[in-house]
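Remarks on the structure that follows.
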Amino acid sequence: MLKLTSASRYAVHALVYFASQQTNQLVASHQVAQATGVPEKFLLKLLKPLVTARVLFSMKGPNGGYRLARPAAKITLLDVVEAMDGPMYGDVAFTAAGDAGMDRRLQEVFEQAAGIVRREFQKVKISDFQQHG
């Protein structure tokens with residue numbers, strides 16, 4: 001089952017909000033929380049991996065905050081999902097019993113499917129969501 005986690009979904013909402021702000025303007029996390037309806041404590045947990053993945057830039061201190069690290073048109077849905085949930089790949093749970101050849105083929109199919117999803121997510125940019133925000 002292909003499923004978008006709530007962390008990825010909320011991260012997209014936050015990034016669309018950042019994209020709506022003036023370029024290079026730092027925004028405090030409490031402002032983002034208020035605008036998106038995401039509790040600030042949870043939001044802070046979302047922002048950290050986005051900074052680590054260089055999707056967001058952060059600056060600490062009384063005048064600190066967050067902003068996009070690059071234009072919204074250069075941030076993909078794949079960037080966001082992989083920052084939040086880790087690399088996207090096909091995975092088949094193997095057991096000791098079973099046909100190894102069949103299991104290898106199942107793994108190939110799942111890897112191909114994951115590749116298709118990765119390519120589709122790569123096509124979608126944060127800027128694509130701005131018209132809906």
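Since every read-out is calculated from the coordinates, none of them should be taken as a lab result. Fair warning: this is a prediction, and the values are worked out from it, not measured in the lab. Quick reminder, even Gly has a Cβ in these numbers, built from the backbone with ideal geometry, and neighbours come from all protein chains shown.
Within 10 Å, at most 15 other Cβ atoms, and a DSSP state outside H, G, I, E, B define an exposed site. Report the longest part of the chain free of exposed trypsin sites (Lys or Arg not before Pro).
Of all site-free stretches, the longest is 61-133.
Positive end of the dipole of the chain, charges at C-beta (+1 Lys, Arg; -1 Asp, Glu), about the Cα centre: which of ALA33, ILE75, GLY61 has its Cα farthest in that direction?
Of the options given, the answer is GLY61.
Can you work out ³J(HN,Hα) from phi for every residue in region 5-15, in order, using Karplus 6.51 cos²θ - 1.76 cosθ + 1.60 and θ = phi - 60°, giving whole Hz and x for Gly and Pro?
Computed from phi, the couplings for region 5-15 are 5, 5, 4, 5, 4, 5, 4, 4, 4, 5, 5 Hz.
So what's the back-of-envelope 222 nm ellipticity for the chain, counting only DSSP H runs of four-plus at -39500 (n - 2.57) apiece and dividing by all residues, rounded to 500?
-17000 deg cm²/dmol
Mind running the shape call on region 41-84? Use the C-alpha gyration tensor, a ≥ b ≥ c as the square roots of the eigenvalues: rounded below 1.5 for a/c, prolate if a/b tops b/c, oblate otherwise.
Note, shape of region 41-84 comes out oblate.
Under 19 Å from the Cα of LYS60, which lysines turn up, not counting those fewer than eight places away in the same chain?
LYS41, LYS45, LYS48
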